[in-house]
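To start, the structure itself, in structure tokens.
The values are calculated or read from the model by the stated rules, or taken from the named source; none is laboratory data. The shown structure was predicted, so the numbers you read here are calculated from the model rather than taken from an experiment. In this analysis, Cβ positions are derived from the backbone assuming ideal geometry, glycine residues included, and neighbour counts consider all displayed protein chains. For the accessible areas, the whole protein counts, side chains as well, though only heavy atoms, and no ligand, DNA or RNA atoms are used. Shrake-Rupley method; radii C 1.70, N 1.55, O 1.52, S 1.80 Å.
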Amino acid sequence: MITPNLFYSDLKDSYLFYNIAQKTKAYLSEHPNAHLYRMGIGDVSLPLCESVIKALHEAVDDQAQAATFHGYMPECGAEFLREAIAAYYGNRNVKLSPDEVFVSSGASDELGDILDLFDRENTSLVIEPAYPAYVDANVMGGRKIQHLASGIDNGFLPLPDDIIKADILYICSPNNPTGAVFNREQLKKWVDYANDNGAVILFDAAYEAFIEDDALPHSIFEIEGARTCAIEICSLSKTAGFTGTRLGYTIIPKELERKGMNFNTMWVRNRTTKTNGVSYIIQKGAAAVFTPEGQKQIHNNIRIYKENAACLMKALDELGIWYCGGKNAPYIWMKCPDGMRSWEFFDYLLNEIQVVGTPGEGFGKCGEGYFRFSTFGNPDDTKEAARRLSGLLGKAKKNEV
Ligand code: PLP
């Protein structure tokens with residue numbers, strides 16, 4: 001009889017967003033006329049920008065004529081898009097050759113698939129609180145996981161130390177859920193650690209476009225030494241509203257080798273076996289993101305999300321509540337007031353002011369006592385949520401005095 005992948009039975013129930021959905025559903029069935037201010041899930045609310053829509057329409061028309069029709073696309077990505085992405089990195093003085101850029105249908109897909117490159121005996125390091133897919137993809141693959149807790153003491157940006165015994169190092173910066181961003185000196189320490197120990201960094205740069213502080217690195221490849229120890233995984237989901245359109249990219253430098261094997265070559269072999277490329281139409285839409293006009297338009301949208309963040313941060317500043325993120329990231333990570341646990345705070349906000357966020361405990365044990373707000377929501381709703389938050393927590397504070 002066939003034996004299933006038994007590691008699936010080691011997966012913990014992914015109850016975070018399910019529980020949020022259940023609790024909000026129950027609230028709405030008891031209060032059918034209530035309006036909820038949803039700042040929980042990290043999906044975008046603004047539509048694709050004009051340049052992308054135009055490119056998508058033109059690409060559809062191309063598919064209508066024999067002369068411009070495209071069938072299978074190159075497995076690793078269309079040349080026009082690989083070149084556009086390499087040029088985007090070039091603007092930040094990161095030199096990439098287009099064949100170091102692999103087009104994907106999203107970062108989630110890649111974060112799971114890329115593990116094909118590594119032996120099952122390797123240990124993965126996950127800095128927590130973390131995007132839940134890192135842990136789950138490794139559990140499914142039967143890999144050992146070392147959990148590295150972070151907290152207020154290190155600003156949720158831990159550095160490598162002697163207790164780390166891992167081969168695959170996940171680093172997400174700007175971070176989901178904390179919004180914290182590693183600076184150059186901090187990333188250099190991780191790069192040196194990886195090179196000294198023969199480890200490989202999987203750098204998740206899904207939120208790089210939200211960085212506004214010029215001193216902060218957008219890519220691990222801005223750090224000296226990264227070409228021999230890192231793979232970068234990126235996505236247009238949040239940058240350009242592609243959550244439902246689907247496009248990402250992965251950078252694997254040609255120098256990245258371990259035990260005589262070259263990861264760029266291995267990934268070409270993997271892609272040419274396991275995919276038949278991303279659709280021509282979507283790649284055309286994606287290429288429009290990297291044009292000057294496209295960049296201007298996506299940054300107009302990002303500015304709207306940043307205004308949401310500013311509005312929530314102002315409320316938290318006035319309340320004197322500790323938080324990080326928001327400035328260079330679309331997430332705000334706050335400490336729950338009065339020592340509340342994260343699900344307790346979730347219920348409190350839902351019942352008292354109809355605001356929905358995400359309990360920090362869902363991102364790992366050390367997230368207990370924290371709460372994440374996403375800034376991707378509707379601006380009017382976010383303003384009202386911030387006003388309600390100020391009212392509720394301000395009143396609670398006054399009662400304490
Ligand atoms: N990486 C991080 C840190 C994310 O937060 C997300 C989505 O929320 C992803 C990757 C997945 O992105 P994609 O939509 O490209 O699969």
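The table below gives the values:
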item: Residues that are closer than 30 Å to Ala385 by Cβ and open to solvent by 30 Å² or more (accessible area, probe 1.4 Å), drawn from region 39-93; result: Ile41, Asp43, Ser45, Leu46, Pro47, Leu48, Glu50, Ile53
item: Only one of Ile164, Ile231, Ile168 that is within 16 Å of the ligand (Cβ to nearest atom), among the β-branched types (Val, Ile, Thr) and either more than 28 Å from Lys327 (Cα to Cα) or open to solvent by 40 Å² or more (accessible area, probe 1.4 Å) (or both); result: Ile168
item: Helices (runs of 4 or more DSSP H) (entirely within region 222-328) containing at least 2 residues that are under 30 Å from Gly151 (Cα atoms); result: 292-319
item: Number of the exception - Phe203 against (1) away from the ligand (no atom under 16 Å from the Cβ); (2) outside any helix (DSSP H, G or I); (3) open to solvent by less than 10 Å² (accessible area, probe 1.4 Å); (4) in contact with a helix residue (DSSP H, G or I) (Cβ under 8 Å, 6 or more places away or on another chain); result: (1)
item: Residues being of a type in the set (Phe, Trp, Tyr) and either in a helix (DSSP H, G or I) or open to solvent by 10 Å² or more (accessible area, probe 1.4 Å) (or both) - total across region 336-385; result: 6
item: Residue count for region 179-198, restricted to those that are over 16 Å from Lys238 (Cα atoms) and either within 11 Å of the ligand (Cβ to nearest atom) or in contact (Cβ under 8 Å) with a residue 60 or more places away in the chain (or both); result: 3
item: Test: residue in region 61-75 that is in the same structural domain as Ser235 (by TED's automatic domain parsing), farther than 24 Å from Pro292 by Cβ and acidic (Asp, Glu); result: yes
item: Meets criteria (under 21 Å from Ser219 (Cα atoms), within 16 Å of the ligand (Cβ to nearest atom) and open to solvent by 20 Å² or more (accessible area, probe 1.4 Å)) for Asp99; result: no
